[in-house]
Amino acid sequence: MDLVIRNASLPDGRKSIDIAIEHGRIAAVGPALPITGGREIDAQGDLVTPPFVDAHFHMDATLSYGLPRVNASGTLLEGIALWGELKPELTQQALVERALQYCDWAVARGLLAIRSHVDICDPRLLAVEALLDVKRQVAPYLDLQLVAFPQDGILRSPNAFDNLKRAIAMGVDVVGGIPHFERTMADGAESVRLLCEYACEQGLMVDMHCDESDDPLSRHIETLAFHAQRLGMQGRVTGSHLTSMHSMDNYYVSKLLPLIREAGVAAIANPLINITLQGRHDSYPKRRGMMRVPEMLAAGIPVAFGHDCVMDPWYSLGSGDMLEVAHMGLHVAQMTGQQAIHDCFLAVTETPAAILGLDGYGIAPGCHADLVILDCGSTVEALRLRAARRLVLRRGQVISESPRAGARLQLPGRPETVNFRLAR
């Protein structure tokens with residue numbers, strides 16, 4: 001045996017569990033495994049989890065904050081316009097360098113799988129070439145899945161559909177779209193049809209920016225669910241953002257959620273960015289501007305959380321920490337019950353892994369030995385503390401390490417050890 005992690009707490013609540021690893025995969029999981037030989041790591045009761053997964057990100061724009069200027073209004077539309085100003089100035093080398101720097105941040109925080117949308121509206125496909133290069137470079141330690149994203153609209157932007165097809169032929173994995181940014185609602189619906197039919201023909205997954213708006217009449221998710229079901233694409237289609245749902249009337253949503261579930265469509269909320277960009281035209285009361293996460297989970301719809309942006313034209317903050325994303329998500333969605341907090345942890349681990357179709361993800365025999373040891377004892381505590389990542393393992397090898405943040409004290413007159421967890 002190459003490695004055994006002893007005395008681990010698992011996300012499903014099991015305690016004092018050992019995890020045996022051989023040839024980069026998990027060989028056995030159970031209490032007090034009778035295994036000798038190889039390296040041993042004592043988790044000391046800390047939480048051992050599969051790695052974090054970011055189901056929605058824009059790596060081509062990351063770390064570009066302030067180029068060529070700052071988003072003065074802080075709005076989504078100015079961010080899109082600003083990205084349009086920046087695109088002619090982009091170089092492949094700068095794109096690769098920023099993306100690699102971000103991947104280093106991600107790995108240190110236990111984030112080992114990212115689905116990144118990459119803009120294909122520039123006919124040079126510069127960002128596509130850059131991120132395909134990055135994907136190859138980071139493959140030993142991070143899974144990078146790319147979405148061909150027509151930022152300026154597949155119908156609105158000249159030659160965008162041809163560019164998208166070229167990007168897919170180059171090796172991009174997923175078909176993207178942005179129907180609410182087309183010139184009309186009808187064009188938006190037509191773009192959904194065209195892109196879903198193309199993805200179906202190619203045997204690809206779909207992930208569309210959908211209804212990222214405060215407009216309650218932006219209802220392209222309904223069209224996306226219709227075509228997913230019509231084409232038999234259940235389990236291969238995702239709607240990202242869906243922020244207009246926060247403004248829709250309850251009767252319509254009561255009809256919409258069963259349609260999404262029946263179509264097998266997953267959803268990705270982006271709490272940090274949704275709460276920042278939506279409601280900008282409101283005075284008071286202000287809308288939170290995030291999809292109805294608790295109601296969607298109750299309806300049986302898979303919901304993941306994405307980081308979306310880090311230091312780019314839309315968002316000036318961020319660090320690649322998916323616990324920060326989930327922490328914001330539980331607050332915005334008012335998911336403060338113990339099970340609800342656990343569900344938010346799953347929204348940055350197991351749920352996005354399933355949406356991305358990651359192979360060998362989990363803590364079970366046969367799974368890849370991709371693991372994170374957190375300085376905490378449970379998923380709830382992980383979110384409360386934004387716990388430090390003690391160790392990050394990829395295929396059974398430690399690739400990042402940091403000291404524990406907690407101080408364990410034996411108090412006079414107390415038989416048990418008291419563990420003080422310190423928030424960062």
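Would you work out if the stretch 256-314 is rounded, prolate or oblate? Take a ≥ b ≥ c from the square roots of the eigenvalues of the alpha-carbon gyration tensor; rounded if a/c is under 1.5, else prolate when a/b is larger than b/c, oblate otherwise.
Numbers: a/c = 3.01, a/b = 1.57, b/c = 1.91.
Since a/c reaches 1.5 but b/c is at least a/b, the shape of the stretch 256-314 is classed as oblate.
Each peptide in 23-30, 194-201, 322-329 receives the mean, over its residues, of other Cβ atoms within 10 Å, and ordering these scores from highest gives 322-329, 194-201, 23-30.
Taking the square roots of five times each eigenvalue of the Cα gyration tensor of the stretch 304-347, the equivalent ellipsoid has semi-axes of 22, 9, 7 Å, listed largest first.
Pairs with C-alpha atoms separated by more than 29 Å, drawn from the list LYS165/LYS255; LYS255/LYS286; LYS135/LYS286; LYS87/LYS165, are LYS165/LYS255; LYS135/LYS286. Per atom type, the stretch 42-112 shows carbon and sulfur on 56% of its accessible surface, probed at 1.4 Å. Distance between the C-alpha centres of the stretch 210-281 and the stretch 284-323: 13 Å, rounded to the whole angstrom. Taking the longest Cα principal axis of the chain as reference, the axis of helix 160-170 is set at about 40 degrees. For the stretch 61-135, the square roots a ≥ b ≥ c of the C-alpha gyration tensor eigenvalues yield an a/c of 1.5 or more together with a/b not exceeding b/c, which makes the shape oblate. Summing +1 for each Lys or Arg and -1 for each Asp or Glu among the other residues whose beta-carbon sits under 15 angstrom from that of ARG183 gives -4.
Phi angles across the stretch 178-190 convert, under the Karplus curve 6.51 cos²θ - 1.76 cosθ + 1.60 with θ = phi - 60°, into 3J(HN,Hα) values of 8, x, 6, 9, 5, 5, 9, 4, 5, 5, x, 4, 5 Hz, Gly and Pro given as x. Taking the square roots of 5 times each eigenvalue of the Cα gyration tensor of the stretch 273-388, largest first, gives ellipsoid semi-axes of 26, 16, 15 Å.
Taking Lys and Arg as +1 and Asp and Glu as -1, the other residues whose beta-carbon sits under 10 Å from that of ILE35 total -2.
Rounded, prolate or oblate: which fits the chain when a ≥ b ≥ c are the square roots of the eigenvalues of the alpha-carbon gyration tensor, with rounded for a/c under 1.5 and prolate only if a/b beats b/c? Verdict is prolate for the chain.
Here the stretch 58-208 was treated as a single set of alpha-carbon atoms; its pair distances binned every 5 Å from 0 give 2, 10, 18, 21, 20, 16, 9, 3, 0 percent.
Kindly rank 84-91, 40-47 from highest to lowest mean number of other beta carbons found within 10 Å of each residue.
On the way: 84-91: 13.9, 40-47: 18.4.
Ranked by mean Cβ neighbours within 10 Å, highest first: 40-47, 84-91.
Heavy-atom accessible surface of the chain, averaged per residue, reaches 39 Å², computed with a 1.4 Å probe.
Close amide H partners of GLN151, meaning residues 5 or more places away or on another chain with modelled amide H under 5 Å apart, are ILE120, CYS121. D for the stretch 150-305, whole µm²/s, Stokes-Einstein with Kirkwood Rh over alpha-carbon pairs at 4 °C and 1.567 mPa s: what number? Translational D for this selection: 83 µm²/s.
In the calculated pair-distance distribution of the stretch 149-193, the portion above 15 angstrom amounts to 37 percent of the Cα-Cα pairs. Helix content alone sets the calculated 222 nm mean residue ellipticity of the chain: runs of n ≥ 4 DSSP H residues at -39500 (n - 2.57) each, divided across all residues, give -10000 deg cm²/dmol. The distance from the alpha carbon centre of the stretch 365-384 to that of the stretch 147-165 is 39 Å, rounded to a whole number. When you count the other C-beta atoms within 10 angstrom of each residue and take the mean per peptide, 210-220, 277-287 line up highest first as 210-220, 277-287.
Residue separation of HIS331 and LEU77 scaled by 0.36 nm, minus their Cα-Cα distance, works out to 88.9 nm of gained length.
Computed from Cα atoms, the angle from the helix 126-138 axis to the main principal axis of the chain rounds to 10 degrees.
Using the Cβ of VAL192 as centre and a radius below 12 Å, the other residues enclosed give a net charge of -3, where K and R count +1 and D and E count -1.
Given a cut-off of under 8 Å on Cα pairs at least six residues apart, what relative contact order in percent is computed for the chain? Result for the chain is 18 percent. Axis of helix 322-332 versus longest Cα principal axis of the chain: the two differ by about 70°, to the nearest ten degrees.
Compute the orientation-averaged projected area for the stretch 1-144 from the convex hull of its Cα atoms and round it to one decimal in nm². Before the final figure, lay out each step's value.
Numbers: hull surface 44.5 nm².
With every direction weighted equally, the projected area is 11.1 nm².
Seen from every direction in turn and averaged, the convex hull around the alpha carbons of the stretch 163-239 projects onto 4.9 nm².
The values are calculated or read from the model by the stated rules, or taken from the named source; none is laboratory data. If you're wondering where the values come from, they're calculated on a predicted model, not measured in any experiment. Note that each Cβ is placed from the backbone with ideal geometry, even for glycine, and that neighbours are counted across all protein chains shown. Please note that ligands, DNA and RNA were not included when accessible areas were found on the heavy atoms of the full protein model with its side chains. Shrake-Rupley method; radii C 1.70, N 1.55, O 1.52, S 1.80 Å.
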